[in-house]
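*Asks:* Take a look at this one; I'll ask things after.
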Amino acid sequence: MPAITLPDGSSRKFDQAVTVMDVANDIGPGLARATLAGEINGELVDASTLINEDVQLRLITARDPEGLEVIRHSTAHVLAQAVQRLFPKAQVTIGPVIDNGFYYDFSWADGFTPEDLDRIAAEMRRIKKDDLPITRQEMSRGEAIQFFQQKGETYKAEIIRDIPEGDTLSLYSQGEFTDLCRGPHAPSTGRLGVFKLTKLAGAYWRGDSDNEMLQRVYGTAWADKKELKAYLLRIEEAEKRDHRKLGKQLGLFHMQEEAPGMVFWHDNGWRIYTEIQNYIRKRMRAENYQEVNTPELVDLSLWERSGHAEKFLDEMFLTKSEHRTYAIKPMNCPCHVQIYNQGLHSYRDLPLRMAEFGSCHRDEPSGSLHGLMRVRAFTQDDGHIFCTPEQVQSEGESFIKLLYSVYRDFGFTDIEVLLSTKPENHIGTDEQWQQAEIALAASLDAVGVPWQENPGEGAFYGPKIEFSLRDSIGRIWQCGTLQLDFNIPGRLDATYISEDSSRKTPVMFHRAILGSLERFIGILIEHYAGAMPAFLAPVQVVIMNITDKQADYCRNTAKMLEQQGFRVNLDLRNEKINYKIREHSLAKVPYLLVVGDREVENQQVAVRKRGNEDLGVMSVEDFANRLATDVAAYGRENKTED
């Protein structure tokens, strides 16, 4: 006779075992119609799951984040079923849920066309309308391999062969279609929300370019039409803001096949890059960081000692010289320990804060490269803090305050924070982990930062805090990290003399605010739709004449502004003033100064602010003061302007 406790604290008792759906029906038919799955003692399960003991139960509907994931997961299966109905020889491979949607990879030699997407979507709607029950069954590994081989699904059989012997596998069926899946799934295809197939792409089987190229179909699914429409509008806005398109339009950077995943920065883009570096450098000096620079080529033996070679060798670029193997550094931490190790340190020297604009290279798969967002060559605003265990909380607190201040300066105020705790595969004692997790949590609480725990997702060497920022159209980007390391300092012989004169191993923080500068600039471009705040704009002001008679005055005005440190361009071309204004407006320059005879006579300039805002006529001095105020505000007061 199970007793079932609900989230509101109420309890329901039953005379016999019941399913999750039975409980929903007992509460009310409306809730039963809305129920997609359940959560029993914290574990997501199907609505058909039988309950035969006392449990805590939460019913999952489309209003819950987990419910939306169930909808997307089940819709992916409907996609695969529709494809196999229309293309019986196509094999299904993998079809996971992703942010805002799902995809499925298919082995189909003929390839899909955009017209095929319309046919597939129509068949998916028929499957949904048929309201096919979705059922779960279990098989042994051997039975599952045989089942899919008999169906001609060689990719599924290969996936199962990689699953350890003895594991029991779950398969889900709807109508004639069956797929390997952990679940949970919706009770039937009619319970799914609204969906749209969004695009086609190629993807190598298992991400290996030596394998077959598969056909990937992307889709999105939502609880109702209103949510789908809002998402599609966001996608449309995101496409307009695509940093690759704006990077070309604004002359910021380009990439080409001869250097895949590596950036060719143009003058305007490099100005943004160096302004960010100068800003971060100023903030680091104010926080008593030592700025260092370490070699890009380091003997592989150092990476073996640090443990990186064991875990990341496949991502390293290697080269040889004079019978020695070198790695182009994929990260900076082992090199920073080498600087720390030069000389004897006392506890009085700690904390020691070290920062570097570290140039790194990682051999990312070609299929994963994406403009500035995923590259092979990048620079981190990397830093490491060497401290005593007693200093962990205060150092964490100081860094968090710094990070939030920096994000505000770049125009980001909505930050999500996760504290990732001890994973199963970890080093260090349980006591070390407990102390570290408590200290990091206390640092967040002391600063007043809301956060969520991310159980079991810490690095193998210590817990970490992840900071993700929300951009102007609601997307989340994980950028900053604060990681505690029990491993590398000891492996690389870092020590300090403690208060009792014994040698001890320092605690080491890995920390970054922006992460990859390349990726952060890509985020900024899309956040501001290319209209950078004045402090970052490659060109802050363009001065334009109406006729040649104002050319000298324009040159003198430009010189005055340049002497005050502003980035100024002159446009003295023999073109109509409206043509010039339009051209520089499209270039998203923050301020345009127009000079005619009257402005020369009165020693003034006519000022237009980005967004076609006419600020009227003012003296050059007044304009300089206005621009200086705008620059000093960083991105705090700026709003995105199209």
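The values are calculated or read from the model by the stated rules, or taken from the named source; none is laboratory data. Keep in mind the model is a prediction, meaning the values are calculated, not measured. Cβ atoms come from the backbone with ideal geometry, glycine included; neighbour counts cover every protein chain shown. Areas reflect the complete protein model, heavy atoms only, side chains present, ligands, DNA and RNA absent. Shrake-Rupley method; radii C 1.70, N 1.55, O 1.52, S 1.80 Å.
*Asks:* Of the residues that sit in region 31-86 and are open to solvent by 60 Å² or more (accessible area, probe 1.4 Å) and assigned to a helix (DSSP H, G or I), which one is nearest to Asp105 (Cα to Cα)?
*Replies:* Going through the qualifying residues, I end up with Arg85.
*Asks:* Still on this structure, please answer the following. So which residues in region 478-522 are of a type in the set (Val, Ile, Thr) and under 21 Å from the mean Cα position of the chain (by Cα)?
*Replies:* Of everything in region 478-522, those that are of a type in the set (Val, Ile, Thr) and under 21 Å from the mean Cα position of the chain (by Cα) turn out to be Thr481, Ile513, Ile521.
*Asks:* Search region 546-567 for residues being buried (at least 19 other Cβ atoms within 10 Å of the Cβ) and touching an Asp or Glu at 6+ places or on another chain (Cβ under 8 Å), and hand back the single one that is farthest from Arg626 (Cα to Cα).
*Replies:* Looking at the filtered set, the residue picked out is Gln550.
*Asks:* Quick one: what pairs do we get from region 64-81, first residue within 20 Å of Arg216 (Cα to Cα), second of a type in the set (A, V, I, L, M) and in a helix (DSSP H, G or I), C-beta under 9 Å, 6+ apart or different chains?
*Replies:* That search, which allows pairs on different chains as well, returns Thr75/Met124; Val78/Met124; Val78/Ile127; Leu79/Ile120; Leu79/Ala121; Leu79/Met124; Gln81/Met124; Gln81/Ile127.
*Asks:* Something else: How many residues does region 533-559 contain that are farther than 30 Å from Asn332 by Cα, in contact (Cβ under 8 Å) with a residue 60 or more places away in the chain and not in a helix (DSSP H, G or I)?
*Replies:* Count: 6.
*Asks:* Can you confirm whether Val97 is hydrophobic (A, V, I, L, M, F, W, C), closer than 19 Å to Ala203 by Cα and either more than 33 Å from the chain's Cα centre (by Cα) or modelled with pLDDT of 90 or more (or both)?
*Replies:* Taking the combined requirement at face value, the residue satisfies it.
*Asks:* Next up: Could you tell me how many of the residues in region 457-489 are outside any strand (DSSP E or B) and open to solvent by less than 40 Å² (accessible area, probe 1.4 Å)?
*Replies:* So the answer is 9.
*Asks:* For Gly367, are the conditions met, namely being in contact (Cβ under 8 Å) with a residue 60 or more places away in the chain and either of a type outside the set (A, V, I, L, M, F, W, C) or touching a helix residue (DSSP H, G or I) at 6+ places or on another chain (Cβ under 8 Å) (or both)?
*Replies:* When the stated conditions are applied, Gly367 passes them.
*Asks:* Sticking with this one: Does Tyr218 meet the test of being assigned to a helix (DSSP H, G or I) and touching a Phe, Trp or Tyr at 6+ places or on another chain (Cβ under 7 Å)?
*Replies:* Judged against the criteria, Tyr218 is not a match.
*Asks:* Tell me which of these Glu123 doesn't satisfy, since it passes every other one: (1) closer than 18 Å to Arg182 by Cβ; (2) out of contact with any strand residue (DSSP E or B) (no Cβ under 8 Å at 6 or more places or on another chain); (3) surrounded by 14 or more Cβ atoms within 10 Å (Cβ to Cβ).
*Replies:* Here Glu123 clears every test but (1).
*Asks:* Another question, if that's okay. Among the strands (runs of 3 or more DSSP E) lying completely within region 132-214, list those that include at least 3 residues that are touching a residue at least 40 places away in the same chain (Cβ under 8 Å) and closer than 30 Å to Asp363 by Cβ.
*Replies:* It comes to 194-204.
*Asks:* Continuing with the same structure: Looking for whichever is surrounded by fewer than 18 Cβ atoms within 10 Å (Cβ to Cβ), assigned to a helix (DSSP H, G or I) and out of contact with any Gly (no Cβ under 7 Å at 6 or more places or on another chain) here; the options are Asp15, Asp26, Asp8. Which one fits?
*Replies:* When all the criteria are applied, what remains is Asp26.
*Asks:* Failed condition for Asp381, given (1) charged (D, E, K, R); (2) touching a residue at least 12 places away in the same chain (Cβ under 8 Å); (3) within 20 Å of Gln290 (Cβ to Cβ); (4) not in a strand (DSSP E or B), with all others met?
*Replies:* (4)
*Asks:* Taking into account only those residues within region 373-407 that are among the charged types (D, E, K, R) and under 15 Å from Met354 (Cα atoms), which is surrounded by the fewest Cβ atoms within 10 Å (Cβ to Cβ)?
*Replies:* Among those residues, the one meeting the criterion is Glu395.
*Asks:* Sticking with this structure for a sec: For region 490-517, name all the residues that are basic (Lys, Arg), over 16 Å from Ser346 (Cα atoms) and surrounded by fewer than 22 Cβ atoms within 10 Å (Cβ to Cβ).
*Replies:* Passing the criteria: only Arg491.
*Asks:* Another question about this same structure. Is it the case that Leu233 is among the hydrophobic types (A, V, I, L, M, F, W, C) and surrounded by 14 or more Cβ atoms within 10 Å (Cβ to Cβ)?
*Replies:* no
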